[in-house]
Amino acid sequence: MNSNAVPEAPPKALESLFSPLDLGEIRLANRIVMAPMTRNRADARGVPGDIVVDYYAQRAQAGLIIAEGTWPSAAGQAYCRQPGIASAVQIDAWRRVTDAVHARGGSIVLQVMHAGRIGSGRIKPAGVETVAPSAIRASGEVYTDAAGMQPFDMPRALASSEIKRLVEEHGQAAINARKAGFDGVELHCTSGYLPMQFLCSGSNQRDDEYGGSVDNRVRFVVECLAAMAQAIGAGRVGYRINPGNTFNDCHDAEPEQTHVQLIRQSAAMELAYVHVMRSPLAELDAFAMARQHTPAALIVNDGFDAASAAEAVAQGRGDAVSFARHFIANPDYVKRLRRGQALARFDRKTLYTPGAAGYSDYPSA
Ligand SMILES: Cc1cc2nc3c(=O)[nH]c(=O)nc-3n(C[C@H](O)[C@H](O)[C@H](O)COP(=O)(O)O)c2cc1C
């Protein structure tokens, strides 16, 4: 029996979380998904090492792990020691992670995250520019090893021809992720990073076919998804949204309309899933909105506990539920739910610090 097998019957109230699910080509043993979490544990070249292998292997009981936001090219890096999926060394290193998760019976996809204007030249290799849809600086700061907290760079606006290249880069990232053994990829379209910078009217003031109208603002994301689907098959591609989210200074005049358009335009692609976060806008039920406009499976997220997650799946609001914070200090979260065991609390101080402490050293119950 592999270590992913958890033989006991789950509590009756949580049964809906423990049935298997196919998200396109990706097979989940249960509906408990580990949400993507940036933990900044790679080395200075963006290469994940032994502790990253341990960390994900420990959490392989999740029906699906969505590995942390990972850059497709050096310009897309936001944080020190954030991993990449661009070089052969990075691909080989991730292969060790995916092999360890698969050996324990788990499934794992990679979140592809280009940060656009969220970043600093002090984090990226010399000569790598910070780029964005428009030359508008995001307000806020980012930690750099070189000089402590630094304001986000003033980005250079991308030329139309460069956008085509960036779209291709996303297709290549999907190919690289498959080479690294991932079961698929998720495009990160929330939290003010590049895809969301294109979606939002505040950060996208372009006057070409990638800016202005809603159709134009969703174009970059739709083209990236199409490139990724073309590269590895639509059934291995998902994307993550959070309509109304203003993190990293992202503001859209009409977040609901923008996201409805994105969901509609990608609905015919037959993607593996849409990963929807609860909207911070009180009047917007983002889960219902997504259900209405796409036949794709939904992973829902944000603030769930086991009981509310089981209810959401039982009621059909989501096909699976992702959890982030619960997985930090509970590597065996799935087993604890099944057995009704208490949950451990995590230490905020070690969320992003180098080394195993507060990362891969939380014990199983
Ligand atoms: C330490 C940490 C890092 C995160 N990094 C990412 C990330 O890389 N990509 C992403 O889409 N969301 C990221 N998130 C958001 C989580 O995936 C999730 O949406 C959020 O924590 C709410 O889910 P929860 O209530 O289950 O924790 C992060 C959250 C935390 C706590």
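If the segment from A288 to T144 were pulled out straight at 0.36 nm per residue, it would be longer than the present Cα-Cα gap by 47.9 nm.
The order of the peptides 132-143, 210-221 by mean Cβ neighbours within 10 Å, most packed first, is 210-221, 132-143.
Taken per residue, the accessible surface of the chain reaches 38 Å², heavy atoms only and a 1.4 Å probe. Projecting the Cα atoms of V89, V128, Q58 onto the charge dipole of the chain, computed from C-beta unit charges around the Cα centre, puts Q58 farthest toward the positive end. Of all lysines in the structure, those lying under 28 Å Cα to Cα from K179, and not within fewer than 8 positions of it along the same chain, are K124, K164.
Based on alpha-carbon atoms, the Kirkwood radius and the radius of gyration of the chain give Rg/Rh equal to 0.95. Ranked by the mean number of other Cβ atoms within 10 Å per residue, highest first, peptides 246-258, 47-59 order as 47-59, 246-258. The peptide list 346-357, 26-37, put in order of mean Cβ contacts within 10 Å with the highest first, becomes 26-37, 346-357.
Under the convention that each Lys and Arg Cβ holds +1 and each Asp and Glu Cβ holds -1, the size of the dipole of the range 12-71 around its Cα centre is about 140 debye. Taking the helices alone, the chain has a mean residue ellipticity at 222 nm of -9500 deg cm²/dmol, built from -39,500 (n - 2.57) per DSSP H run of at least 4 residues and averaged over all its residues.
Were the residues from A13 through D99 laid out at 0.36 nm apart, the gain over their Cα-Cα distance would be 27.7 nm. Surface composition of the chain: carbon and sulfur make up 50 percent of the accessible area, probe 1.4 Å.
A simple count of charges around D302, restricted to other residues whose Cβ falls under 13 Å of its Cβ and scoring Lys, Arg +1 and Asp, Glu -1, yields +2. Where a Cα-Cα gap under 17 Å defines reach, which lysines qualify for K12, not counting those fewer than 8 residues away within the same chain? Result set, ordered by chain and number: K335. Beta bridges per DSSP, both residues in the chain: antiparallel share near 20 percent. Relative to the longest principal axis of the Cα atoms of the chain, helix 255-267 runs at roughly 70 degrees. Its Cα centre serving as origin, the chain has a Cβ charge dipole (Lys and Arg +1, Asp and Glu -1) of approximately 780 debye.
In percent, rounded to a whole number, the relative contact order of the chain is 18, using alpha-carbon pairs under 8 Å and six or more apart.
Largest mean-square fluctuation among M154, M113, M196, in a Gaussian network model of the chain whose springs join Cα atoms under 10 Å apart, belongs to M154.
The values are calculated or read from the model by the stated rules, or taken from the named source; none is laboratory data. Computed from a prediction, not measured in an experiment: that's the story for all the values here. Positions of Cβ are backbone-derived with ideal geometry, glycine not excepted, and every protein chain shown enters the neighbour counts. These area figures cover heavy atoms from the full protein model, side chains too; ligands, DNA and RNA do not enter into them. Shrake-Rupley method; radii C 1.70, N 1.55, O 1.52, S 1.80 Å.
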